[in-house]
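**Q** Dropping the structure in here first, questions after.
Read-outs throughout are calculated quantities, based only on the coordinates presented, and are distinct from any laboratory measurement. Not measured: the values here are computed from a predicted model. Because the Cβ atoms are built from the backbone with ideal geometry, glycine has one as well, and the counts that use them run over all protein chains shown.
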Amino acid sequence: MIFEKTSFGNITIDGRNYNHDVYLFTDGTLQERDKIHSPRIGGHRSLSEWELEQILKNDPEILIIGMGQSGVLPMTDRAINMIESAKNDRNVQVIQGNTPDILGKTNEALKSGKKVAGVFHTTC
């Protein structure tokens, strides 16, 4: 799997263009991000604890969070606490940043042989 490019509202993975946010699960599957569980913060759909539960439940070794084109994906306080807990209690490596800036790191993580999961926000 190769994360190729992203621009406002889309991401290209393995030659396929997705015009929405995506989850990456540890088994290599991709799924459209389900924002219905994400409360609005500052007018934007936040990254929620429900979403993190979904992507952390298969015990990834690396968690990647694409924060959007400009890096403004808000998070609920509980989601922030869950990320910190994953780092500290479960020794999960967290890679977080603007979505365009982390695609290369995502590809490196996928080549590492470790279990990788993530969420990739494609707007803001």
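**Q** Roughly how far apart, in whole Å, are the Cα centres of region 95-115 and region 51-67?
**A** Answer, in whole Å: 12.
**Q** Let me ask something else about it. Short version: what are the Cα gyration tensor semi-axes of region 28-121, square root of 5 times each eigenvalue, largest first, in whole Å?
**A** Working: eigenvalues 80, 48, 29 Å².
So the three semi-axes of region 28-121 are 20, 16, 12 Å.
**Q** What residues qualify as long-range amide H neighbours of Ile41, i.e. H under 5 Å apart, gap of 5 or more or another chain, H built at 1.01 Å from N?
**A** Residues meeting the amide H criterion: Ser46.
**Q** How do Leu63, Leu110 line up, fewest other C-beta atoms within 10 Å first?
**A** Working: Leu63 26, Leu110 18.
Result, fewest neighbours first: Leu110, Leu63.
**Q** Which of the peptides 114-122, 65-73 is most tightly packed, and how do the rest follow, judged by the mean count of other Cβ atoms within 10 Å per residue?
**A** Per-residue Cβ counts within 10 Å, averaged per peptide and sorted highest first, yield 114-122, 65-73.
**Q** Ranked from highest to lowest mean number of other Cβ atoms within 10 Å per residue, what is the order of the peptides 30-39, 43-52?
**A** My ranking of the peptides, most packed first, is 43-52, 30-39.
**Q** Using alpha-carbon pairs under 8 Å, 6+ residues apart, how would you state the relative contact order of the chain in percent?
**A** Relative contact order, the chain: 35 percent.
**Q** Among the listed pairs Lys35/Lys87; Lys35/Lys115; Lys35/Lys105; Lys5/Lys115; Lys35/Lys57, give every one whose C-alpha distance is greater than 20 Å.
**A** Violating the 20 Å Cα-Cα cut-off are Lys35/Lys87; Lys35/Lys115; Lys35/Lys105; Lys5/Lys115.
**Q** Per-residue ellipticity at 222 nm for the chain, helices alone: DSSP H runs ≥ 4 residues times -39500 (n - 2.57), over residue total, nearest 500 deg cm²/dmol?
**A** -8500 deg cm²/dmol
**Q** Sum up the charges of everything whose Cβ sits under 9 Å from the Cβ of Asp59, counting Lys and Arg as +1 and Asp and Glu as -1, but leave Asp59 out. All intermediate terms of the calculation are to be shown ahead of the outcome.
**A** Values: positive: Lys57, Arg90, Lys115; negative: Glu61.
Residues near Asp59 contribute +2 overall.
**Q** Can you sort Phe8, Phe3, Phe25 from fewest to most other Cβ atoms within 10 Å of each residue's own Cβ?
**A** Starting with the residue having the fewest Cβ neighbours, the order is Phe8, Phe25, Phe3.
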